[in-house]
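**Q** Dropping a structure here in structure tokens format, bear with me for questions.
The values are calculated or read from the model by the stated rules, or taken from the named source; none is laboratory data. The structure presented is a predicted model; accordingly, all values stated were derived computationally and were not measured. Here the Cβ positions follow ideal geometry from the backbone for every residue, glycine too, while neighbour counts run over all protein chains shown. To get the accessible areas, we keep the full protein, side chains included, count just its heavy atoms, and leave off ligands, DNA and RNA. Shrake-Rupley method; radii C 1.70, N 1.55, O 1.52, S 1.80 Å.
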2 protein chains.
Amino acid sequence: MAEKKLNIDELSIWDDAKQMLRKAEKDGVETAWDRLQQQSPHCQFGESGVCCRICTMGPCRISKKAPRGVCGADADVIVARNFGRFVTGGAAGHSDHGRDCIEALHAVAHGETADYSIKDTEKLLRIAEEVGISTENREPLEVAKDLAADFFENYGSTKGEVSFICRVPEKRQKLWAELGITPRGVDREIAEMMHRTHMGCDNDAANTMLHAARTCLADGWAGSMIATEVSDILFGTPTPRKARVNLGVIKKDQVNILVHGHNPIVSEKILEAVNEAEFIALAKEKGAAGINLAGLCCTGNELMMRQGIPMAGNHLMTELAIVTGAVELIVVDYQCIMPSLVQVGSCYHTKMVTTADKARFTGAEHIKFEMHNGMEQARKVVRMAIERYGMRDQARVEIPGEPVDIVTGFSNEAILQALGGSLDPLIEAIKAGKIRGVVGIVGCNNPKYKHDYCNVNLTRELIKKDILVIVTGCVTIAAGKAGLLVPEAIDQAGPGLQEICGALGIPPVIHMGSCVDNARILQLCALLANELGVDISDLPVAASSPEWYSEKAAAIGTYAVASGIYTHLGHPPNITGSEVVANLALSGLDDLVGACFLIEPDPFKAADLIDERIKSKRTALGLGA
Amino acid sequence: MAEKKLNIDELSIWDDAKQMLRKAEKDGVETAWDRLQQQSPHCQFGESGVCCRICTMGPCRISKKAPRGVCGADADVIVARNFGRFVTGGAAGHSDHGRDCIEALHAVAHGETADYSIKDTEKLLRIAEEVGISTENREPLEVAKDLAADFFENYGSTKGEVSFICRVPEKRQKLWAELGITPRGVDREIAEMMHRTHMGCDNDAANTMLHAARTCLADGWAGSMIATEVSDILFGTPTPRKARVNLGVIKKDQVNILVHGHNPIVSEKILEAVNEAEFIALAKEKGAAGINLAGLCCTGNELMMRQGIPMAGNHLMTELAIVTGAVELIVVDYQCIMPSLVQVGSCYHTKMVTTADKARFTGAEHIKFEMHNGMEQARKVVRMAIERYGMRDQARVEIPGEPVDIVTGFSNEAILQALGGSLDPLIEAIKAGKIRGVVGIVGCNNPKYKHDYCNVNLTRELIKKDILVIVTGCVTIAAGKAGLLVPEAIDQAGPGLQEICGALGIPPVIHMGSCVDNARILQLCALLANELGVDISDLPVAASSPEWYSEKAAAIGTYAVASGIYTHLGHPPNITGSEVVANLALSGLDDLVGACFLIEPDPFKAADLIDERIKSKRTALGLGA
């Protein structure tokens, strides 16, 4: 436990979080904030990126006394290599998730599973046509076979460019080709990044950074985009629907199951099992009023977008959800799942179940989900949760507050439909300055910040300035809890946004999904650019990840910038030890790819700086600022 | 420069190295040893593997005070994740090199290059048959098309197992399947390893270590093996030939060009250009007696194995080769090329030329080699070297000693031929205890050790014990300089080895190639096991990398162990901070895969321990110890 008492009021802006932090303290449960305190101060070499462990001639640390590693690498090379591997971890996360989706599509197409099916045939055919697969007079499953094969090839070594390059504005395609960063294959770029960063390979920081961009573009325009599109095909393309958020979605009188992770392949089956009469009856038999399923993080986003399932919380709420004492079972797939959840669960009666061989947790129960047994395994999990209901100590249960309403489900298809089938109304609103720009606010929490303070305040400030905000991932819950994901929130927006969103009956902050769904934002930007006949970098758009923590967030930021989208981060990645790399990130990239990073921890200042950028882009397009 | 004067006599066992270290000191040239001194003492967190920089909630360091990172990961998880990424860097290096070889084969097969061709058609057809490609009545280039396509698929997502699984003894295949570590696709395992090690994914150290094994198996039995086999097809399968080693191969009166890196695709073209009459005439015109090409590290091994080109030195000799002052140009492809070479070169007249976009060096000249322009670019490089001859200051030239003779070129095909077409004589010699076992000594140098002391002494000790030694990579030059790579070296071997090698006219230490060519050793072990009807782990064989430094060496060690080969390392990877991981590496793996690591810095003790292991394997096979 922490040595110095934490000031709980300073840790989060939310009452539900503070209440659970007090309960955790009382219950003797260690949280991320305690561990952050133990781990502070952080190693300055690591934080500035100048520590190298890439070979055993080291480890080396760059300082004035020792300006080069044993091999001769200087700070620039070391920082670039570390950053390259960092974003590669993120790109690999999203993309390997995408691969699992393709495997499901392949299994469905080849009749190898009865547990999954094509839910959106129209989208299957549309996407197939888009990547050049003939659909005329063909059975959907035949088309699905070809689409799965094409998508697998997007991970291979034989393509010169990924399939969704067809979505990228021509100017940008040309720019990437000139820079040698056209993404060829997801796994190939990942493997090459790992190769380049081996000792004695790529020793030019700018060259390494360009391949980092290429690797991330493969994530954005292939790995993540494929994950999103295939998930829509298999589980349905999201449409607007209502849902609720915060810890209040956990029910005192019900069996509570939380899903956590990223891939809907597990959680969709859990949802089906939860609704089976047999299990509802069993839960009642055990004394519960029913079975309650709620989401955390991106698996939660996936279920909320498509099914309206409520969300208990974002990254820093995952431990605190268990601290309610009312969670029978948390079932996870992969990514962003704090290893501490096993320990937190063991302080209560909460069982942790892992489902993927690639993400096991010491101390958790492993119920392996495969294509052919998804339903069977889901039923096992639900039964296990119900059995644990009797072990709950109701005296230790404390569930804070009431959930907040939100509206979710804004896929690009849904947005187009809301706009009457064409982007023209949006473009007209942008041209007229009623919507001055669009900003995607995405990503995580990080205990180094007051929880959700930046996420919420940046969102609020931008809509005040008539900037439409799109949220995904953990920012969704922040915006939702702040009451910004409902049409009524137009009260908090500027007059232009108020008018447009009011007329359309949509919130001024649009929920577009999970973190792989940032690919939806890429696609929207490309659609707008193509419609206007400009490059993405000409648009009055920006991205932001105010409270990011993960390699995936850094990969997203990098593919956003390399796609031409100015990107704000609340704090820098570990690159400050190299002037070359830091300058490239903060300005040099603007010359190369028409966008760069902005680092600013203060959400109010960040809003102003993003606004400046949007003004300059509007002016360059000949629009009023 | 170093603060404390280095004791040069303690740094290397070689006179050529010591002489150049003294010259470097006099010339004010910084070397790896100076930088090692500046970087000492190393960070203990990094060295024991308990430092985590995988997300920006950290960096975190595990200690008694802080036993878990901010996310909750403990030392076991952190060490396993770091080790997983470490070997993945190595697997990616070898395998991306293999991909480049396939691209060359593909280009040749599809008539896209006139600069490369099939040099060993017999091997092309044999390998094609081996992986199930029909060759009957087909043109070799047609077969080559299919083989390239099959090999590309070995990097993809659609295969359940890599093609060369057909070489693996059945018992081992079954074991891998049971453990879930059958390698499926090279890039896929690499990407999955990066995914698993993202925050919140794989949080079970043993599970992560198993995937590390799988990733390395994909390197050994696909990436590296493909690199070796395709290189043989394109440039010829090595046959025994004479060559010479040490810095004495550099010529005072000639234009000296050094090739360094790993892939023969560049160096083979340089060799051709060097032999062109036009350039020899030009060199003479400039006052040189001719053009001298010599190798460093594994590109050197590749050229020596196939063409008998001399080797100037191994890893720690690369800087010192330039210190001779007689090197006009060093041309590199990728891997293990110290970034410092640019600086060392700039202290003399030595030009450094890079050839691969994936390995650029700030300050070097970039001449990009592509499939269609290999010869053209090679001629540019050779012309550039000749032009620089006039810039050489002969007063600063100092080339130590005379080269040492060696015999090289022992591919498995060559060994089989030497044995009369069958492994029977080798098996009979093993059964009779004349050859008590076989040990592959491979890998690098590391300035933490007295240069080549362990490499040479372990080799000497093992042959004394009638253990046949196979060398690759940087150990080759060590063994060569020690006079162990000639038939006359049987004088230093035990009586059994003396008899057998004497009868065959081969050295007691066999040079099998570069570091990707460790795949030849895997294949030889598999051939022996299959012939005897046992698993590889039953054989009286071992591997060793006494002075390793690189991620590739760790990947090789891991695939060796996972293939059933007991493997000695002179020092541990950065895993000592986790008992779980260290115990797994040092003993637990023995139960799982029938082999484990041995860590022992003393070459004499290591020889005894390896000998013990070989005795126990011989006994278990019912052979005399």
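**Q** Within region A:315-332, identify whether any single residue is open to solvent by 10 Å² or more (accessible area, probe 1.4 Å) and either modelled with pLDDT under 95 or within 12 Å of another protein chain (Cβ to nearest Cβ) (or both), and answer yes or no.
**A** For region A:315-332, residues open to solvent by 10 Å² or more (accessible area, probe 1.4 Å) and either modelled with pLDDT under 95 or within 12 Å of another protein chain (Cβ to nearest Cβ) (or both): absent.
**Q** Can you tell me how many residues in region B:550-596 are within 14 Å of chain A (Cβ to nearest Cβ) and open to solvent by 20 Å² or more (accessible area, probe 1.4 Å)?
**A** Going through region B:550-596 one residue at a time, the tally reaches 8.
Residue by residue, here is whether (1) open to solvent by 20 Å² or more (accessible area, probe 1.4 Å); (2) touching a helix residue (DSSP H, G or I) at 6+ places or on another chain (Cβ under 8 Å) holds:
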residue: A:GLU499; (1), (2): yes, no
residue: A:GLY502; (1), (2): yes, yes
residue: A:PRO508; (1), (2): no, yes
residue: A:CYS525; (1), (2): no, yes
residue: A:GLU547; (1), (2): no, yes
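**Q** Got a sec? Which of B:HIS211, B:HIS198 is touching an Asp or Glu at 6+ places or on another chain (Cβ under 9 Å), part of a loop (DSSP other than H, G, I, E, B), within 14 Å of another protein chain (Cβ to nearest Cβ) and not β-branched (Val, Ile, Thr)?
**A** On the way: B:HIS211 fails: part of a loop (DSSP other than H, G, I, E, B).
Every option except B:HIS198 fails the conditions.
**Q** Out of A:ALA205, A:ALA191, I need the residue that is within 13 Å of chain B (Cβ to nearest Cβ), small (Gly, Ala, Ser), under 24 Å from the mean Cα position of the chain (by Cα) and open to solvent by less than 30 Å² (accessible area, probe 1.4 Å). Which one?
**A** Just one listed residue meets the conditions, A:ALA191.
**Q** Going by the conditions given, is A:VAL593 in contact (Cβ under 8 Å) with a residue 12 or more places away in the chain, touching a Ser or Thr at 6+ places or on another chain (Cβ under 6 Å), closer than 24 Å to A:PRO183 by Cβ and not charged (D, E, K, R)? Break it down stepwise before answering.
**A** Values: in contact (Cβ under 8 Å) with a residue 12 or more places away in the chain: yes; touching a Ser or Thr at 6+ places or on another chain (Cβ under 6 Å): no; closer than 24 Å to A:PRO183 by Cβ: yes; not charged (D, E, K, R): yes.
In short, no.
**Q** Here's something else I'd like to know. Answer with yes or no whether B:ILE270 is of a type in the set (A, V, I, L, M, F, W, C) and outside any helix (DSSP H, G or I).
**A** In short, no.
**Q** Something else about it: Would you list the helices (runs of 4 or more DSSP H) that sit entirely within region A:17-133 and hold 3 or more residues that are facing chain B (nearest Cβ under 7 Å)? Reasoning before the result, please.
**A** Numbers: elements: A:32-39, A:44-48, A:75-109, A:121-130.
Ranges flagged: A:32-39, A:75-109.
**Q** Here's another thing I want to ask about it. Out of all the residues in region A:21-44, which are over 22 Å from A:ALA395 (Cβ atoms), without any contact (Cβ under 8 Å) to a residue 60 or more places away in the chain and out of contact with any Leu (no Cβ under 8 Å at 6 or more places or on another chain)?
**A** Across region A:21-44, the qualifying residues are A:GLN38, A:GLN39, A:SER40, A:PRO41, A:HIS42, A:CYS43, A:GLN44.
**Q** Now for a separate question. Search region A:88-115 for residues being over 18 Å from A:TYR334 (Cβ atoms) and not small (Gly, Ala, Ser), and hand back the single one that is most open to solvent (accessible area, probe 1.4 Å).
**A** If we take residues in region A:88-115 being over 18 Å from A:TYR334 (Cβ atoms) and not small (Gly, Ala, Ser), then A:GLU112 is most open to solvent (accessible area, probe 1.4 Å).
**Q** Here is a follow-up. Of all residues being assigned to a helix (DSSP H, G or I) and at the interface with chain B (Cβ under 8 Å from one of its Cβ atoms) in region A:168-188, which is farthest from A:ARG99 (Cα to Cα)? Just the residue, please.
**A** Looking at residues that are assigned to a helix (DSSP H, G or I) and at the interface with chain B (Cβ under 8 Å from one of its Cβ atoms), I get A:ARG188.
**Q** Quick one: which strands (runs of 3 or more DSSP E) lie wholly within region A:339-448 and hold at least 3 residues that are more than 14 Å from every other protein chain (Cβ to nearest Cβ) and open to solvent by less than 50 Å² (accessible area, probe 1.4 Å)?
**A** Result: A:404-408, A:437-441.
**Q** From the list A:THR135, A:THR121, A:THR158, which one is open to solvent by 10 Å² or more (accessible area, probe 1.4 Å), over 22 Å from A:HIS94 (Cα atoms), among the β-branched types (Val, Ile, Thr) and over 27 Å from the mean Cα position of the chain (by Cα)?
**A** A:THR135
**Q** When A:LYS5 is evaluated against the numbered criteria (1) closer than 21 Å to B:SER63 by Cα; (2) in a helix (DSSP H, G or I), which criterion, by number, is the only one it fails?
**A** Unmet condition: (2).
This table checks each residue for (1) in the same structural domain as B:GLN377 (by TED's automatic domain parsing); (2) of a type outside the set (A, V, I, L, M, F, W, C); (3) touching a Phe, Trp or Tyr at 6+ places or on another chain (Cβ under 6 Å); (4) within 23 Å of B:TRP548 (Cα to Cα).
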{"site": "B:ASN263", "(1), (2), (3), (4)": "yes, yes, no, yes"}
{"site": "B:GLU268", "(1), (2), (3), (4)": "yes, yes, yes, no"}
{"site": "B:LEU271", "(1), (2), (3), (4)": "yes, no, no, no"}
{"site": "B:PHE279", "(1), (2), (3), (4)": "yes, no, no, no"}
{"site": "B:GLY287", "(1), (2), (3), (4)": "yes, yes, no, no"}
{"site": "B:GLY295", "(1), (2), (3), (4)": "yes, yes, no, yes"}
{"site": "B:GLU302", "(1), (2), (3), (4)": "yes, yes, no, yes"}
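**Q** Looking at A:THR228, is it outside any helix (DSSP H, G or I) and either more than 13 Å from every other protein chain (Cβ to nearest Cβ) or surrounded by fewer than 24 Cβ atoms within 10 Å (Cβ to Cβ) (or both)? It would help to see each step written out before you state the result.
**A** Values: outside any helix (DSSP H, G or I): no; either more than 13 Å from every other protein chain (Cβ to nearest Cβ) or surrounded by fewer than 24 Cβ atoms within 10 Å (Cβ to Cβ) (or both): yes.
Here the answer is no, as A:THR228 does not meet what is asked.
**Q** Any residue in region B:242-250 that is assigned to a helix (DSSP H, G or I), of a type in the set (Gly, Ala, Ser) and more than 29 Å from B:ILE190 (Cα to Cα)?
**A** Yes, the conditions are met somewhere in region B:242-250.
**Q** Please work out which one of (1) under 22 Å from the mean Cα position of the chain (by Cα); (2) crowded, with 24+ Cβ neighbours inside 10 Å; (3) more than 14 Å from chain B (Cβ to nearest Cβ) is the condition A:GLY308 fails and give its number.
**A** Checking A:GLY308 against (1) under 22 Å from the mean Cα position of the chain (by Cα); (2) crowded, with 24+ Cβ neighbours inside 10 Å; (3) more than 14 Å from chain B (Cβ to nearest Cβ), the one that fails is (2).
**Q** Collect the residues in region B:498-524 that are in a helix (DSSP H, G or I) and in contact with a Gly (Cβ under 8 Å, 6 or more places away or on another chain), keeping them in residue-number order.
**A** Selection gives B:ASN518, B:ALA519, B:ARG520, B:ILE521, B:LEU522.
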